[in-house]
Every structure is written in C-alpha cells, then in structure tokens.
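Everything below concerns the one structure shown next.
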Amino acid sequence: MLKTSISGLLPASVLLFIFLSSSSPHIACSQDKRDAPASPDWREVTSVEALWQHYPDRVRTLFAALNLTETSLQPVLSHAMKGDTIAAAKALLEHYRESHTADWLLNQSLPGNENELLLIARRLLEDSATIQDAVVKIPKQEDGGWTWKYEGPDHDAEFGYSLNGHKYFVAFLSAWKATKDEAYIKTFDHLIRDWVIHNPLPPETDSIYRVFTSKNLDWRDLGEVVWRDLEAGNRMGISWPQTFYRFQQSDAFTPAARLIMLSGIVEHAEYIQKYHKKGHNWTTMEMNGLGLVGLTFPELKQANEWADYAMQVMETEIGRQVYPDGVQTELSTKTHWVALSPFETIADNFKKAGRSVKQSYTRRLEEMYNYLAYSMRPDGHQPLNNDADREDMRPRVLKAAQTFHRADWEWIATNGSSGEQPKGLPSIVFPWAGINVMRSGWDGQAQWTFFDAGPFGTGHQHSDMLHLSIFAFGKDLLVDGGHYTHKDYFSFDPTIWRGYFRSSFSHNVILVDGKGQNAGPLRATAALQDGVDYMNTPAFDYARGTFSSGYNEVAGKVEHTRSIVYVKEKCWLVVDHIETDRPRTLQALWHYAPSCSVSVSGERTASENTGEGNIEIVPVGKSSWKVEIVKGQEKPFIQGWYSAKSGEKVPNAAVVYTQNIQKSTTFAWVLVTAKGKVPKMKTKIIHQDEQEMQVRVDIENQQPVTVTVPMHPGPPQVQLN
C-alpha cells in the first residue's frame, strides 16, 4: 500500500497539535519533498491511491479545510495521526457515504421536466450539451476531456458561461433516479474529474481578478468564461452539492472524483467569499451557492462562517437591490425572478437545515412576490420590461400564495376561480420602480396596461422610458419588442439584433431626429407621488412621466413628457409633449403584436382579426403625420421584429408616425380596444393651451367621455357626458 504522511516530516506531537487546532488554516499544506510525479492520464485517476500519487495538492487542500476535531471525523483523524493519508481519505469518503447531514437537500424535488431532463442526460452521454435551448456537440481535447473554453458554434461567450455553469448536471440526477442506469453517473464522474483537474483556480496575480474594474480587459481573453464568479456560485448553488450527495451510494462515483469534487467545493467557497459581486443580481446566486456549501458540509472548518456570511450579505443585498415597493432595481421581470429565486432559496435552505431567518427578510421576499402577482397580464404572463421573456408566472405565484398565505395572489393567478378577491382597485403603481399597471378587472378578458415611467435600471436595460404595452380580450395588442439575444451585449445600435431589441426602436416611444433615447438615471432617488405623478380611481387611471436624458447624438435640448389616462373599459388617451429648442423630426412608434393583422386608413391604424381582440390608434385633432407600416425590416436599420423568448424572433407590424415640428409641441392619441371590430369613434380637442389639453371621445353606442389632462404634474379630470 502507498503510504505517505499528509504533513511531511512533522513530529507526531506537533502533528497532533495542528490536527486539533481549529485555528490553523494550513494543515497538511507542507510541500512533499519527493520528486514531482509524472504527468498522468487523468482518465485513469479514479482511486484514492492514484489521486494521491498524481494530484497530491488536491488531497492537501481538502484536508487543510477539514475540522478534524469533529466527532464524526474521528476515524479520519485517527488514520491521519498515524501518517496514513490514503486510509484517512478513504475514511472521509466512508463518512460521507454514511452521513445524513444533507438529507434535507436530498429530499428536495429536482427542477425541470423529467422527460426533458432525461433527454438532456442522454445527449450528455454522447458529449452533446443542451445550452441556450440548442443541442451542441462539445469538442474534445486530445486527452479525452471537453474543451471547456468552447463558446459554441456562434462564438458567443454566453454559451461558454452556460457550459461552465453546470446547471445541466441536474439532468444526470433525474435520469439516474428514473432509470438506475449508472452510465449517467459514470459520465458525470468523468466530467467532474475533467473539469476540476483542467480548470484550477487562477492565481491571484491573474488578470481575471481585475476584469470588472478595467474597461480595457476582455473577459474571453482572460479565460474568464470558466471561472466567472456568477458560474462559480451557480455550480455550488444548483448542481455540485446536489450531485455529490445523491450519488454517494453508487460505486460508479469513483473515490478520486469524490475527493476531487470536495477539494473543488472548498476552492469555490473560498473564491466566492473573497471575490463575489456587491450590489448586483449575481451576488444573490453567488451567496446562495456559498450558503449551501456552508449548510451541507459542516465538516469544513469555515462552514458556519460561510453560511453566516452568505446570509448577512443576502440581508444587505435584498435591501440594496429591491426597492421599498418590492421591485428589483434592474427593472426586468426576468431578472427580478432571477434575484428572487436565490433570495428565497437560501432562506428555505436555512430553515431546512435548522437555522433561523429574520422576519424582516421574509417580508421582503413577500414584497417581491407581490410585484410578480400584481404585474402579471390577465393570462398570467410577465411583462416584457428590459431584458425579459414572456414567461408564465402563475405556477410560481400560486406556489408562493400557499407559502405566504396570500389568497389574493391565488385569485389573480386563477382569474378569480379560487382564492379571495384583492381588496381595493385592480390597478396598481410601484412608485419606486416607476411602473404603472392599469387593469379593468381580474378576469382573463380584462384590459391590462403596462406603462414605464421609471429609471433606466441597474442592469439588463433597454432605452424604453414611457413605453406602453396593452393586453385585452385574451391577447397582446401593443407590445414591447423583447430582448432576443445577449450577443453584442452592451449595444443599442439598431442596425444589429441586440442593439435593436435594447433600443427605443423596438418600443412604443418617440424617436427624435431618427435617434433613440440615451441611458437615463440608473436608480430612483424618490418614489412617484400619488395625485401628482399617478392616480388610480374606480373610473380611471392616470400616469405621467418625463424623459429628459437626451437622444443619441442629437444636439440641443429635447424632452418628452407622456401622460396616460385610461378610462376603464372605454379608451386610453395618450398625451405627448415634446419640449425642444429647435426644429425636430419626430417618429412615434406603435408596435402591434405579431398575431395582429394591421391596416392603415388615413392617419388611423387598427388591427382587424375576426373574433379576437383588436386595437385602433387614432391621432387627435389636426395633424400632419406621415404613416407607414414596417414589418420584418433588416436594412438600413432593423424594425418590425418581436421576441417573446430569448433566441426567437418573428416579424410584427411597427406603425411609424412621422412629423416635422418647428418648436415645442403637444399632440395626443386615443386608443380603443374591442373583441372583433373596433367601433367607430370621433375625437375632438375641446381646449388646448400651455396649462392643459381637453379631449372629447365619442365611441359608437357608448356614452361620450371628456378628459382634461394637465400639462404639468397633477391629476386629470374625467367626465362622462
């Protein structure tokens, strides 16, 4: 038997002191004086003996991190005290095989659809990974390992990040649970040894540690695709502890892989604690991973420190990242969920591990879910604000309704078929986020409006302040363009795909001199004021916002103020004021949903889908708009495209209203929806000056309505004639 002292030539008395001293972070780290081992074929390193012979530092790293004063590790300490590293390592593996410490983790259900996970796992057996909904064959190195820095067929760094995030490892768990075929564990074993052996943590002198503080460094040039801190957090929070513990009873999970994985977990925890983000949605995923390591590996000296530190950071971050109204500061509903999930997961993990969670923290989680519940479309899908997909929020909201005992959320998610009707009005404002959600009711056919009067957001931003989306009669009518892709991540250039979907060109806003909005303030410094910036009543909703951050490369001063009055179940009056110091060319954009068949009649545009929800847009008063429909255009710039989901895009009708103005100008629109053909209507400006605009709307077979909108902050007046 190969038998080597874990501590080199230290006397037994000194060795005993070191092993029993929890304050020593350097146990077993003295350098072995023997010659360096020959370079092995890593695929043959499956035993404890082979690992100790060829990769001794992996074993040293692990033993240095263990708290060998733990009673449960007495057999490990006993062998180590005798200088038998191999026997000590085997005793440690036996400890984990018999341990019940993480039973609460094993009892958690696996995420995802079982059939889909089985298919993903089968592909992994053939070296094909499912990344970004695409199945890609991963190139292999000469030694049989994967090319972990591979960025996919499109050379997209996001592919490389996902490849190294290892979320797909959970597919092995599901497949093995369903089939008991140990081929899945063997493949996992191969991949985990491959990844850890060939991707050591870069030394602190490596420029990867400066990547987020320097604008001149390219992540991909630094190998950052492998050790980006977000993926390090995801590996610990989503797949590594879960796979390690669930595969303990299988001999297909080799001793070397187990020890390698444990040493890698130690490496990850130390790295995450030291280099995690602050004030960023990545922080939540990084701390979720660090917390899970601390809770599930109590044998490690720093376990309690890691768990406590992770929760302390999360308590700080949920206050820093989430406005008092419950909306995450990036103002993307998708990112809101991305942050909420680890915020909630770490709290759940603490409770299952027998640790307490502050009530104030739990209240913040409830506030975040409240935003998801009350911002949903009537069909349960989330808004497309900033980088977001058109995802169904109902399963998550219904689950949260049970957790937080919120029968009102259940009512919203089921369109009133169960739960309790929310108290108060169906419309709601999230005043710090600047998000106005206007509703006619809670049923599936209700009218729903999303109006953005808030800041730019702290990440995943689009240039879309004052954008307006409308859903009615069970379908989208006016839409946000979505986000489609993260390639060319920071672009707002409408001549490329990423830039178009991020830019004003894909939103229902106004272009000035052919240009879109600049970035505005990242965060709100104060909440919108009820009765000044917005108002919700049983008869109407009102919201107002001003974009004053300028337009891309447009000289001079120009500001856009938009006011919206939604008269419940009748119409929307949208009043736009452009304040300018010189003549301008304006382009007002209205993007219809792809399912809408759109036509132009004079200056009016309308969708005309038989038996479905439709909307008509009518400019108010005398105007000189030039109107055209642009659909599926790619040159000279992109226009008329919609993306409900990342990686997918379809043409949609973008109605472009163009007008030249000589000075500051106010104009208005009336929007009317109906199931089937939109009824005839007439609009008239009764009065307009620098103080207000008064508009009368006559809709066929309905009571006329007169709306007076102030040109300055303050409430409107609505009169049913």
The number of residues in segment 128-145 that are closer than 15 Å to residue 226 by Cβ and surrounded by 19 or more Cβ atoms within 10 Å (Cβ to Cβ) is 3
Checked segment 57-83 for anything out of contact with any His (no Cβ under 7 Å at 6 or more places or on another chain), open to solvent by 20 Å² or more (accessible area, probe 1.4 Å) and in contact (Cβ under 8 Å) with a residue 40 or more places away in the chain; matches are 58, 61, 67, 69, 70, 81
Of the residues in segment 501-520, those that are at negative phi and assigned to a loop (DSSP other than H, G, I, E, B) come to 503, 507, 508, 509, 516, 518, 519, 520
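With respect to residue 479, is the statement that it is touching a Pro at 6+ places or on another chain (Cβ under 9 Å), more than 30 Å from residue 277 (Cα to Cα) and at pLDDT 95 or above true?
Details: touching a Pro at 6+ places or on another chain (Cβ under 9 Å): yes; more than 30 Å from residue 277 (Cα to Cα): yes; at pLDDT 95 or above: yes.
Yes, satisfied.
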Reported set for segment 147-196 where residues are more than 24 Å from residue 256 (Cβ to Cβ), in contact (Cβ under 8 Å) with a residue 12 or more places away in the chain and not in a helix (DSSP H, G or I) is 150, 151, 152, 153, 154, 156
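Say whether the condition of being more than 24 Å from the chain's Cα centre (by Cα), open to solvent by 40 Å² or more (accessible area, probe 1.4 Å) and not polar (S, T, N, Q) is met by at least one residue in segment 155-171. Steps first, answer last, please.
Taking segment 155-171 first, the residues more than 24 Å from the chain's Cα centre (by Cα) are none.
The answer is no, given that none of the residues of segment 155-171 is more than 24 Å from the chain's Cα centre (by Cα), open to solvent by 40 Å² or more (accessible area, probe 1.4 Å) and not polar (S, T, N, Q).
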Reported set for segment 521-563 where residues are in contact with a Phe, Trp or Tyr (Cβ under 8 Å, 6 or more places away or on another chain), farther than 20 Å from residue 457 by Cβ and either among the aliphatic types (A, V, I, L, M) or assigned to a loop (DSSP other than H, G, I, E, B) (or both) is 535, 558
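For the structure I just gave you, tell me whether residue 407 is at pLDDT 95 or above, over 28 Å from residue 562 (Cβ atoms) and open to solvent by less than 50 Å² (accessible area, probe 1.4 Å).
When the stated conditions are applied, residue 407 passes them.
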Note on residue 274: of the conditions (1) of a type outside the set (A, V, I, L, M, F, W, C); (2) open to solvent by 10 Å² or more (accessible area, probe 1.4 Å); (3) in contact (Cβ under 8 Å) with a residue 40 or more places away in the chain, unmet is (3)
Residue count, segment 464-488, condition under 19 Å from the mean Cα position of the chain (by Cα) and either open to solvent by less than 50 Å² (accessible area, probe 1.4 Å) or touching a residue at least 40 places away in the same chain (Cβ under 8 Å) (or both), comes to 9
inquiry  = Whether any residue in segment 326-338 is touching a strand residue (DSSP E or B) at 6+ places or on another chain (Cβ under 8 Å) and without any contact (Cβ under 8 Å) to a residue 60 or more places away in the chain is what I want to check.
reply    = yes
Expected single match for among the aliphatic types (A, V, I, L, M) and open to solvent by 10 Å² or more (accessible area, probe 1.4 Å) among 313, 322 is 313
Are any of the residues in segment 297-309 open to solvent by less than 10 Å² (accessible area, probe 1.4 Å) and either under 27 Å from residue 457 (Cβ atoms) or touching a Pro at 6+ places or on another chain (Cβ under 6 Å) (or both)? no
Apart from one, (1) assigned to a helix (DSSP H, G or I); (2) open to solvent by less than 40 Å² (accessible area, probe 1.4 Å); (3) modelled with pLDDT of 95 or more; (4) of a type outside the set (Asp, Glu) all hold for residue 377; the odd one out is (1)
>> For segment 278-287, check the following and say yes or no: at least one residue is more than 19 Å from residue 361 (Cα to Cα), open to solvent by 30 Å² or more (accessible area, probe 1.4 Å) and basic (Lys, Arg).
In response: no
When residue 566 is run through (1) in contact with a Leu (Cβ under 7 Å, 6 or more places away or on another chain); (2) outside any loop (DSSP other than H, G, I, E, B), the failure sits at (1)
Filtering segment 275-310 for residues that are outside any loop (DSSP other than H, G, I, E, B), acidic (Asp, Glu) and closer than 27 Å to residue 95 by Cα leaves a count of 2
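The values are calculated or read from the model by the stated rules, or taken from the named source; none is laboratory data. Note that the coordinates shown come from a computational prediction; the quantities given were computed from them, not determined experimentally. Positions of Cβ are backbone-derived with ideal geometry, glycine not excepted, and every protein chain shown enters the neighbour counts. We work out accessible area using only protein heavy atoms, side chains counted, and drop any ligands, DNA or RNA first. Shrake-Rupley method; radii C 1.70, N 1.55, O 1.52, S 1.80 Å.
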